[in-house]
Amino acid sequence: MSETTQAIVRVGVDLAKQVIQVHAVDRTGRCVTARAIKRDQFLAWCAQLPPRCLLAMEACAGAHHCARKLRALGLDARLIAAHFVTPYRMEGKSGKNDMTDAAAICEAASRPKMRFVPIKTDISYCTLC
């Protein structure tokens with residue numbers, strides 16, 4: 001585990017078809033990494049994170065499957081309804097894209113009163129992760 005991944009305490013994850021965008025921050029909320037990771041390399045990257053690291057993603061059918069895999073790695077995977085993420089999206093010049101979505105998810109997950117979606121126990125028809 002590298003020093004960079006040890007410093008990470010929270011990760012916002014934007015799931016997409018080909019690549020997964022991550023936005024990771026340390027205890028102070030400073031961005032440690034913001035990058036796109038190929039889908040087949042995502043779980044290996046997550047396995048390097050410290051135990052109980054919070055990974056948040058927008059709730060969708062595939063996110064439930066992915067969250068179960070992340071929890072099996074000892075990580076704190078949580079899902080957020082998309083309408084709770086929207087207020088934290090900083091569109092500005094860059095507009096809406098995967099990178100700003102991942103940052104907004106990460107910010108939304110930091111809120112103490114955020115309501116998370118319960119992770120479903122079995123979705124056998126979807127294999128996003």
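Derivation of every value follows stated rules applied to the coordinates shown; laboratory data play no part. Computed from a prediction, not measured in an experiment: that's the story for all the values here. Counting neighbours? That spans all protein chains shown, and the Cβs are built from the backbone with ideal geometry, glycine included.
Can you tell me the alpha carbon radius of gyration of the chain divided by the globular rule-of-thumb value 2.2 N^0.38 Å? Kindly include the intermediate steps, with their values, before the conclusion.
Numbers: Rg = 13.5 Å, N = 129, 2.2 N^0.38 = 13.9 Å.
Working it through for the chain, the quotient is 0.96.
Cross-link list Lys17/Lys120; Lys69/Lys96; Lys17/Lys113; Lys38/Lys113: which exceed 26 angstrom alpha carbon to alpha carbon? Intermediate results must be reported in sequence, preceding the final value.
Working: Lys17/Lys120 21 Å; Lys69/Lys96 28 Å; Lys17/Lys113 30 Å; Lys38/Lys113 32 Å.
Going by Cα-Cα distance, Lys69/Lys96; Lys17/Lys113; Lys38/Lys113 fall outside the 26 Å limit.
Once you mark the trypsin sites (Lys or Arg not before Pro) that are in a DSSP loop and have at most 13 other Cβ atoms within 10 Å, what is the longest gap between them in the chain?
53-92
Roughly how many nanometres apart are two label points built 7 Å out from the Cα toward the Cβ at Ser110 and Gln48?
Modelled inter-label distance: 2.3 nm.
Per DSSP helix of 4 or more residues, -39500 (n - 2.57); summed, then divided by the residues of the chain. What does that give at 222 nm, rounded to the nearest 500?
-9000 deg cm²/dmol
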